[in-house]
Every structure is written in C-alpha cells, then in structure tokens.
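**Student:** One structure follows; several queries about it will come next.
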Amino acid sequence: MKKILKISGYFFAAVFAIAILLVLFTQTGWFKDIVKDQVESIANENLNGTLSIGEIEGSIFGDLQIYDIRIIQNDSTFLYCRGLGLDYSLAGILSNNIKINFIIVDSLYLNLKQIDDSTWNAMRLVKPSDKAEPDTSASDFDWSIFLNLFEIRKSKINIDALDTASVIPEEIRDINLKASASITPETKQLKIGHFSLNTSSPYMTLRDLLLDVKMKGEKVELQNLSIETSANKINMSGEYFVDNSGISNLSFITSPINFNEFKSFLPGININGSPIITMSGKYQNSDAEFKVNISENLQMAEITANINDLNSKPSYQIQSTISNINAGYWLNDSSMTTDINAFLKIVGSGTSLEDINLNADMNIYDSKLINRTLNTLSLNAKLDRNNVETNIKLISDFGSLDGL
C-alpha cells in the first residue's frame, strides 16, 4: 500500500512538474514566435492580403500584448494597429463563463477604398468560403460572456470614395471609444461610456456618444442614447417589446438645433433659426400614437396622431397646430414675412382608393401673409372612395370667398 501511494505521489508530482514546464515554455520567445507564425499562416490562407505581426508579449493564459499588426492588400496598407492588448480569465470556461477584463486597440489605421464597381476593398478582404454555414438555429446559447472594457485609442480611417462630391468624409480621425458588454442566456447589454471623433471634408466633430441598451427576454430597453456634436445634442430613451406583450415607447429631445453644422453635409440647406424638437410615441398590438413638437420662442408647430389597426385596415386621427409661424424668418428672406396661426384635423380610415374614407378640416385664423391680413381661411374636404366634396370660406385683405 505504501508503495502504491509512493508511486502515485511520484506520478502526480511529475504531472505537476510537466504542467509547470509547459507554462514556462509558453513564456519563451520561441513559443511566441511559433504562435505568431501560425496566426499569420492561418490568416493569410483566408485573406486576399498579407497579415504580419511584429511581436507578441505576455501570456496566452490571460494577458497578451500584440504589437505592429499590419495587413497589406494590393501592395498598400489596408490596416495597421500599433498595439492590441487583451486581458482575460479562463477560470470559468468549464462552466461556460468567460470574463474579459479589457480589449484595448491602440492607434488603429484603416484605409478604405471604393473600387470601380462601387464595392469597397474591405468587402474583398476575406476569401469566399466553400464550407456551408453551421446550422445553429436549434441550439440554445448557454454561455455567459462579460467584457468589462473595450477601448479604441487615437485611431483613424482614411476613405477614398469614387464620388468626390459625396458627403462621405475623406478622413475620420481622433477616434476614441470606451464600451462594455455582457451576454448571458437571459440578458444582453451594451454600454458606451464615451465615443468621439472628427471628420474632414466635410468637417464635423462628434464630442460624445453615450449608449445604454439592454435586452431581457422579449424586451429591449434603451435606457439612454445621447449624441453631442460641437453644436447640437440629442437625448433619446425608450423600450420595445418584440412579442407585443407590453407598450413599446420612444421619446427624444434636442437642444436648440444649429443648422449651420449640417451645411457641409447638406449644401442645399438654408434654414434659419434654432428650434427645439421633442417627440414621444407609443405602440402596441398594431395601435400607435405619437406627438411631435417643434418650437422656438413664440413660434410653434405640433402634430399629434392616433392610428389603430395598422396591420389590417387602419383608422387614424391626426391633428396639427401652428402658432406665429414666420416663413421669412425660417427661410432667411424678409420678403416672405408671415404670421400664421392654423389648426388642421384629419379623421379617416383606409389607405387605398377602394376603401379610403377621409374628412379633413383646416382653419387659418388671425394671420398675416406678406403684410396682408388673413382673418379666416376655412377648408373642409371629404373623400369617400371616389367621391370628393370640398367647401372653402375666405375672409381677408385679398377678398372674400364662400362656396365650393
């Protein structure tokens, strides 16, 4: 018995020693060169290009640093990354649990080029595979993956588009991102704590983007989406039920909009003013309602709508109110000065000519058009399939009208 115990002790000691030696072997430069060569070889078999790695440091068991990653495509650099850092734990892998402490991408450069057939070089980077995609539709995802930090630092994308007059920027630089994510059989969550960049030709600055979105069961919850540029800001929140088991809703609000920021992307835009836009909406079981408000000082336009049976024969009621609208102010043209107050109501059902039934009332009151008074303009229109009835009443400096 003692002899068996002694042999068992020697055996386990030998196994432990071999394991220690293997771990130590993975720390050698020779082993890391082997890993680097294998990664390059496997990648190059599947790429229309050439991958090269400068150096690998750290341990494959949880702490890796990879330097000078480069992909050459058609004799030019498609991608370069000065450093890629990974820190992870394999302790829970046997229980389908993976924890990644961080993935840090330092100084990434990407060169995107549009080819003559309007496709992009990135679309041709990976060789097409003859292997059939595995069928995973019947399998359940039973892994838990936690990524505490995904960070991109000081990165840049060069874009060479065929259409030089397009609004696609020539360069996206100063890209910085901090995010985290988690995936479990029950929930999925993504958080972006910071995202910023600058574009050139046309120019724009994204100061910060914040995102917190979570999916649990059939519910997707957008807890926060905030987008801030150098001159504008939008905040959005809401929730969506995939199976219609709850009321889906969405709301957002802008800061006073500065249209000048969009002129380089939309050269034809020439809108004056800085309105605030708010919107809220709800949806459940093919019934929807929403409200949009656009306002600046005393000028305001508001639209509310209720729509039922969207998936069959919809019925709807839409109302709009505008107050003190000065077209000359918005168009930056004093010759178009107005002061419009109006109310519009539309009640109807159906969408095609065969089944539509529509009743619309519009009333413009106490208004001015190009320095002329418009006391009242009332219009009623009824549309029942192919039958149309209208009635109009006008009282103004232009004259009066009462009839069809």
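**Student:** So THR119 fits all but one of (1) open to solvent by less than 40 Å² (accessible area, probe 1.4 Å); (2) among the hydroxyl-bearing types (Ser, Thr, Tyr); (3) under 27 Å from LEU211 (Cα atoms); what number is the exception?
**Tutor:** Condition not satisfied by THR119: (3).
**Student:** For the range 281-304, give me each residue that is assigned to a strand (DSSP E or B), without any contact (Cβ under 8 Å) to a residue 24 or more places away in the chain and either open to solvent by 70 Å² or more (accessible area, probe 1.4 Å) or within 24 Å of SER255 (Cα to Cα) (or both).
**Tutor:** Of everything in the range 281-304, those that are assigned to a strand (DSSP E or B), without any contact (Cβ under 8 Å) to a residue 24 or more places away in the chain and either open to solvent by 70 Å² or more (accessible area, probe 1.4 Å) or within 24 Å of SER255 (Cα to Cα) (or both) turn out to be GLU289, PHE290, LYS291, VAL292, ASN293, ILE294, SER295, GLU302, ILE303, THR304.
**Student:** Which residue pairs have Cβ atoms under 8 Å apart, sit 6 or more places apart or on different chains, and have a first residue in the range 333-346 that is over 27 Å from GLN319 (Cβ atoms) and a second that is open to solvent by 40 Å² or more (accessible area, probe 1.4 Å) and of a type in the set (Asp, Glu)?
**Tutor:** Listed by first residue and then by second, the contacts come to nothing, as the list is empty.
**Student:** Another question, then. Of (1) under 18 Å from the mean Cα position of the chain (by Cα); (2) farther than 30 Å from ILE98 by Cα, ARG173 satisfies all except one. Which?
**Tutor:** Failing condition for ARG173: (1).
**Student:** Let me ask something else about it. Please verify whether the range 158-167 includes one or more residues that are in a strand (DSSP E or B) and within 22 Å of the chain's Cα centre (by Cα). Quick ask: steps written out before the conclusion?
**Tutor:** We begin by selecting, within the range 158-167, every residue in a strand (DSSP E or B); these are 158-160.
Pick out the ones that are also within 22 Å of the chain's Cα centre (by Cα) and you get 158-159.
Scanning the range 158-167 turns up at least one residue that is in a strand (DSSP E or B) and within 22 Å of the chain's Cα centre (by Cα).
**Student:** If you don't mind, there's one more thing I want to ask. Among the residues of the range 16-59 satisfying the criterion of being surrounded by 14 or more Cβ atoms within 10 Å (Cβ to Cβ), within 23 Å of SER89 (Cβ to Cβ) and in contact with a helix residue (DSSP H, G or I) (Cβ under 6 Å, 6 or more places away or on another chain), which is modelled with the lowest pLDDT?
**Tutor:** My answer is PHE31.
**Student:** Next question. Take residues that are buried (at least 16 other Cβ atoms within 10 Å of the Cβ) and touching a residue at least 40 places away in the same chain (Cβ under 8 Å) and tell me which of the strands (runs of 3 or more DSSP E) falling wholly in the range 169-272 contain 3 or more.
**Tutor:** Working: elements: 171-183, 187-200, 204-216, 219-229, 233-241, 248-254.
Counting at least 3 such residues, we get no strands (runs of 3 or more DSSP E) at all.
**Student:** Still on this structure, I have one more. Among (1) touching a strand residue (DSSP E or B) at 6+ places or on another chain (Cβ under 8 Å); (2) under 30 Å from GLU186 (Cβ atoms); (3) open to solvent by 40 Å² or more (accessible area, probe 1.4 Å); (4) modelled with pLDDT under 90, which single condition is ASN101 missing?
**Tutor:** Just one mismatch for ASN101, condition (4).
**Student:** All but one of (1) among the hydrophobic types (A, V, I, L, M, F, W, C); (2) within 23 Å of ASN341 (Cβ to Cβ); (3) modelled with pLDDT of 95 or more hold for LEU222; state the number of the condition that does not hold.
**Tutor:** Condition not satisfied by LEU222: (2).
**Student:** Of the residues LEU112, LEU108, LEU79, LEU84, only one is on the phi < 0 side of the Ramachandran plot and in contact (Cβ under 8 Å) with a residue 60 or more places away in the chain; which?
**Tutor:** So the residue among LEU112, LEU108, LEU79, LEU84 that is on the phi < 0 side of the Ramachandran plot and in contact (Cβ under 8 Å) with a residue 60 or more places away in the chain is LEU108.
**Student:** Just to be sure before I move on: is GLY9 modelled with pLDDT under 90 and on the phi > 0 side of the Ramachandran plot in the structure I sent?
**Tutor:** no
**Student:** Follow-up. Tally the residues that are aliphatic (A, V, I, L, M) and at pLDDT 95 or above, restricting the search to the range 148-171.
**Tutor:** Residues meeting the conditions: 3.
**Student:** Right, here's the next one. Give me a count of the residues in the range 220-264 that are more than 18 Å from the chain's Cα centre (by Cα) and of a type outside the set (S, T, N, Q).
**Tutor:** 12
**Student:** How about the range 104-116: which of its residues are of a type in the set (S, T, N, Q) and surrounded by 16 or more Cβ atoms within 10 Å (Cβ to Cβ)?
**Tutor:** The answer is ASN111, GLN114.
**Student:** Among the acidic types (Asp, Glu) and out of contact with any strand residue (DSSP E or B) (no Cβ under 8 Å at 6 or more places or on another chain): is that true of GLU302 in this structure?
**Tutor:** Working: among the acidic types (Asp, Glu): yes; out of contact with any strand residue (DSSP E or B) (no Cβ under 8 Å at 6 or more places or on another chain): no.
No, not satisfied.
The values are calculated or read from the model by the stated rules, or taken from the named source; none is laboratory data. Remember, predicted model here, so these are calculated numbers, not experimental data. As a convention, Cβ positions derive from the backbone with ideal geometry for all residues, glycine included, and neighbour counts pool all protein chains shown. For accessibility, only protein heavy atoms count, side chains too; no ligands or nucleic acids. Shrake-Rupley method; radii C 1.70, N 1.55, O 1.52, S 1.80 Å.
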